[in-house]
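Here the structure comes first, spelled out in structure tokens, and everything after it is commentary.
Readers should treat all values here as calculations from the given coordinates under stated rules, not as data from a laboratory. Note that this is a predicted model, so its numbers are computed, not measured. Glycine also receives a Cβ, built like all others from the backbone with ideal geometry; neighbour counts cover every protein chain displayed.
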Amino acid sequence: LMSGVNEIRSTFLDYFRKEGHEVVASSPLVPRNDPTLMFTNAGMVQFKNVFTGLEKRPYSRATTAQKSVRAGGKHNDLDNVGYTARHLTFFEMLGNFSFGDYFKERAIELAWNLITKEFGLNKDKLLVTVYHTDDEAAGFWKKIAGFSDDRIIRIPTSDNFWAMGDTGPCGPCSEIFIDRGEHIWGGPPGTPEEDGDRFLEFWNLVFMQYEQVTKEERIDLPRPSIDTGMGLERMASILQGVESVFETDLFRHLIDAASSALGRGPDADTVGSYRVIADHLRSSCFLVADGVLPSNEGRGYVLRRIMRRAMRHAQLLGANEPLMWKLVPALVREMAQAYPELGRGEALITETLKLEETRFRKTLARGLGLLSDATETLGAGDMLDGETAFRLYDTYGFPLDLTQDALRQRSISVDLAGFTDAMERQKAEARKSWAGSGDAATETVWFAVREKTGATEFLGYETEQAEGLI
Ligand code: ATP
Ligand code: MG
Ligand code: MG
Ligand code: MG
């Protein structure tokens, strides 16, 4: 397949290699030396210190295909998966980077030549956004792409202004969109309908030209830099002429594997579940390959939430035994050539998925039974009481977002305040039953152990760290 995911990845990297860029390997999903970030969520993460000048590399241009996860943390697309045509929890971000080398004009020119010449996109279907004050970028788009003003949309919000954190490098960005036709709902960026899928954003070019020194003071960087990110799966959906990332070659193969394991394929009612399973399979396997294991806190709890959400969808599809581990070979077939860690980790990944699903299946069906009883009389706009949501969490191992996801289709929400109250009450009661021992040190240890080992499943939400990256 000329426009298969694997071919698109190599076309991108080859193109920038020929343009003098060093091809650099993807960094792991768990960022090195960066406790502020849950998972690597963009190509620039591994180059953060190169952009600030803290670290020197023997090259000033680089290109990567970067494994990225946007679940948990600041960029959380978990709730979008299965509901939009373009969001995944795990995706590959293709990028080119200039560390004080070329800047805005050349970056736009390189991008334009790649998408129109190498990838052959139809110029008449493309449009771009720029930051509202960035006349320079607007001018280059006009000159290089020949765009009229109505195809250069000026956006005044932070969507088109990128910053590494409260201080540090920052600058305007320019996003490239494709119009996929009137039969798909959605409006161009900057309109109230922009959350639809007609206008698909597929590439973001960041022009790092300032340094925020303090809250008030911003100076020009002496050597401005470039950071770009293109969603590989989104480009594949464009080049393959399909309407969502889930219909591209790679996802079709994963969904086929799920269909043969289940003995039935997707239909209009079940297709969403197959999509969630295929996406969550990728994020789960890649996270385990990079050393994350399901647990009750932090990164491990985000992984557990992803895995259990997938398992509920497998249950919906009628799986009567653990499913996810059976799909690992299909993923290895699709992606281990580009990411050898998948092949190396295959045994561990398979065991981890099998064990987690075997354990969760013991309480999953009973929990779903309880949930269906508790919501029997509820309808759209109603709320599930916090007590029941907490019981599902505490006794049946349902992460809160799994319960919310299960009720979303029926437009039922969860009473979050009630949920928190129930949790606080349980903690207080557990503490009270220890009162009188007079041994504060033992008590503290007991709580630490109890919360770690999962008699209570610890809320991942409470341990998420602040993040300052795109
Ligand atoms: P969106 O507005 O669609 O959520 P974004 O503006 O959050 O995307 P960026 O942070 O600009 O995305 O990331 C650069 C590129 O990475 C995007 O243009 C897109 O092609 C891709 N991308 C971002 N998030 C996802 C995702 N959840 N799944 C697949 N691709 C993604
Ligand atoms: Mg986003
Ligand atoms: Mg966007
Ligand atoms: Mg963007």
Can you pull the semi-axes for the chain, root of five times each eigenvalue of the Cα gyration tensor, sorted largest first, whole Å? 40, 27, 22
Size of the dipole of the chain about the Cα centre, Lys and Arg at +1 and Asp and Glu at -1 on the beta carbon, nothing else charged, in debye to 20? 1200 debye
At 4 °C in a medium of viscosity 1.567 mPa s, region 81-134 has a Stokes-Einstein diffusion coefficient, with Rh taken as the Kirkwood radius over alpha carbon pairs, in µm² per second, of 92 µm²/s
For region 43-100, divide the Cα radius of gyration by the Kirkwood radius and give the resulting Rg/Rh value with two decimals. 1.10
Quotient of C-alpha Rg and 2.2 N^0.38 Å, computed over region 1-104: 1.16
Where Lys and Arg each count +1 and Asp and Glu each count -1, what net charge lies around Asp197 among other residues with Cβ under 9 Å from its Cβ? +1
Let me know the Rg and Dmax you get for region 222-268 when you use only its Cα atoms, in Å. 16.6, 61
Alpha-carbon spread of region 122-229, three principal axes, descending order, Å: 47, 28, 21
Net charge around Leu13, counting only other residues with Cβ within less than 13 Å of its Cβ (Lys, Arg = +1; Asp, Glu = -1)? -2
Report, in whole Å, the centroid distance computed from the Cα atoms of region 80-104 and region 159-192. 12 Å
Square roots of 5 times each gyration tensor eigenvalue, C-alpha, region 262-346, largest first, Å: 22, 17, 10
Taking only the alpha-carbon positions of region 318-363 as identical scatterers, the Debye log10 I(q)/I(0) at q = 0.20 Å⁻¹ comes out as -0.64
Computed over region 319-396, Cα set: Rg, Dmax in Å: 17.9, 51
Per residue, what volume in Å³ does the convex hull of the Cα atoms of region 286-429 enclose? 124 Å³
Which lysines, on any chain, are close to Lys18 with Cα under 18 Å apart, when same-chain ones fewer than 8 places away are left out? Lys117
List the lysines whose Cα sits under 21 Å from the Cα of Lys67, skipping any in the same chain fewer than 8 residues away. Lys48
Rg(Cα) / (2.2 N^0.38 Å) computed for region 189-294, rounded to two decimals: 1.54
May I ask for the equivalent-ellipsoid semi-axes of region 91-180, computed as the square root of five times each C-alpha gyration tensor eigenvalue and listed largest first in whole Å? 21, 16, 13
Cα centroid separation, region 253-322 to region 16-69 (Å): 28 Å
Given the options Thr89, Ile412, Ala380, identify the residue whose Cα lies farthest towards the positive end of the charge dipole of the chain (+1 on Cβ of Lys, Arg; -1 on Cβ of Asp, Glu). Thr89
What three numbers, in Å, describe the spread of the alpha carbons of region 168-212 along their principal axes, ordered from the longest? 43, 18, 9
What number does region 349-392 give for Rg over Rh if you use C-alpha atoms and the Kirkwood radius? 1.16
